[in-house]
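J.: Supplied in structure tokens, the structure appears directly below.
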Amino acid sequence: MEMPFTIAGTLICFYLYYYFAGSYLAKRLFKNSPSGKDQIRIFLFKKISGFFFMGVIPLIFYKFFISGTILSDFGLRFSDLWSNILKITGLSLLVVIFVFLVSKLSGPEEDKPQIHQKTWTKKLFLVNCLGWILYLTGYEFLFRGVFLISCYNHFGFWVAIAINLSVYSAIHMVNGIREALGALVFGLIVCILTLRTGTILISMVMHIVLALSTDYFAIRYRTDMQFVKNTHLNR
């Protein structure tokens, strides 16, 4: 597969998701939802859309239209989960500690979590977790699996990382310079880990842990949000 096609395909898949998830269709579908539930449903719509456009579509294309392609070509071997379990656990713990310290010292980010609910139940947070897990599974498959590993096979270690970081940080610019710089640092770490270990499972788990811990500590430390034992999701 020629690299221009792979790079173009990666960008097309991401921007198809970006514009579809943020389109008028999403707001139109849920405009009659009960108060509060519209945010939850739009959140899930966006995350499932991301999983579809960045995970399912590339998987179908490479699996059925590129002869001889197997999932392990893109670092997706579930056996690697157990062989790297200590590394995954240790790195995930470091991510949680880092997010905790940042949230404690500088305060949580204003736009986190994406579901802007004042009261959070265990059920609502579980829904939030499920959305992020689906979305980031597809996201990592596209960016660290298809894109990064394809670049590595054609250009080598550091050039592949440079290309990946250029695109990865650029698409985060829409969320501000702070997030773009954060994506640059995080992207560098997970790119190195992916290429050194040959699996995307480490970056996938780290990214999921980062997103979930960011949301958890944001709810804990924001003055306008709180965890409660029992309430309705639409409050």
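Any read-out appearing in this document is the output of simple, stated calculations on the displayed coordinates, not a laboratory observation. Please read these numbers as outputs of a predicted model, since none were measured by experiment. FYI the Cβ positions are ideal-geometry reconstructions off the backbone, even for glycines, and counts take in every protein chain you see.
J.: Report, by chain and number, residues whose modeled amide H sits under 5 Å from the one on LYS118, excluding near sequence neighbours (fewer than 5 apart, same chain).
T.: none
J.: Turning to a different aspect of this structure: May I ask you to give the average projected area over all directions of the convex hull of the Cα atoms of the range 36-137, in nm² rounded to one decimal?
T.: On the way: hull surface 35.2 nm².
Projected area, direction-averaged: 8.8 nm².
J.: Could you please rank CYS129, CYS191, placing first whichever residue has the fewest other Cβ atoms within 10 Å of its Cβ? Write out the running numbers ahead of the final one.
T.: Details: CYS129 15, CYS191 25.
Lowest count first: CYS129, CYS191.
J.: For every other residue with a beta carbon closer than 13 angstrom to the beta carbon of LYS87, add +1 if it is Lys or Arg and -1 if Asp or Glu, then tell me the sum. Numbers along the way, then the final one.
T.: On the way: positive: ARG196; negative: ASP80.
Around LYS87, the charge tally is 0.
J.: Sticking with this structure for a sec: What is the local net charge at ARG222, summed over the other residues whose Cβ is closer than 10 Å to its Cβ (Lys, Arg +1; Asp, Glu -1)? Walk me through the intermediate numbers first.
T.: Numbers: positive: LYS112, LYS118, ARG220; negative: GLU109, GLU110, ASP224.
Residues near ARG222 contribute 0 overall.
J.: Okay, moving on. Using a Gaussian network model of the chain with C-alpha springs under 10 Å, which one of TRP132, TRP120, TRP82 is most mobile by mean-square fluctuation?
T.: Between TRP132, TRP120, TRP82, it is TRP82 that shows the largest mean-square fluctuation.
J.: Now for a different question. How far, in degrees from 0 to 90, does helix 201-221 lean away from the longest principal axis of the Cα atoms of the chain, to the nearest 10?
T.: The helix 201-221 is inclined about 20 degrees to the chain.
J.: Tell me which of GLY198, VAL159, THR137 sits at the most positive position along the dipole axis of the chain, charges placed on C-beta atoms (Lys, Arg +1; Asp, Glu -1).
T.: The one lying farthest along the dipole's positive direction is THR137.
J.: So how do 205-211, 100-106 stack up, highest first, on mean other-Cβ count within 10 Å? Intermediate results must be reported in sequence, preceding the final value.
T.: Details: 205-211: 21.7, 100-106: 12.9.
Sorting 205-211, 100-106 by mean packing, highest first, produces 205-211, 100-106.
J.: Right, next: Which whole-Hz ³J(HN,Hα) couplings does the range 175-191 yield from phi under the Karplus relation 6.51 cos²θ - 1.76 cosθ + 1.60, θ = phi - 60°, glycine and proline marked x?
T.: 9, x, 5, 4, 6, 5, 5, x, 5, 5, 5, 4, x, 4, 4, 6, 5
J.: From the phi of every residue in the range 83-92, what ³J(HN,Hα) in whole Hz does the Karplus formula 6.51 cos²θ - 1.76 cosθ + 1.60 yield, where θ is phi - 60° and glycine or proline is x?
T.: With the stated coefficients, the range 83-92 comes to 6, 10, 4, 5, 5, 5, 5, x, 5, 5 Hz.
J.: Then there's this: Using alpha carbons only, how many degrees (0 to 90, rounded to 10) separate the axis of helix 3-21 from the longest principal axis of the chain?
T.: With rounding to tens, the tilt is 10 degrees.
J.: Per residue of the range 53-61, in order, report the coupling 6.51 cos²θ - 1.76 cosθ + 1.60 (Karplus, θ = phi - 60°) as ³J(HN,Hα) in whole Hz, putting x for Gly and Pro.
T.: Rounded to whole hertz, the list is 6, 9, x, 5, 4, x, 4, 4, 4.
J.: Then there's this: Compute, for the chain, the length of the dipole vector about the Cα centre, with Cβ point charges of +1 (Lys, Arg) and -1 (Asp, Glu) only. Units Debye, rounded to 20. The partial results should precede the final answer.
T.: Numbers: 22 positive and 11 negative charges, 193 e Å.
My answer is approximately 920 debye.
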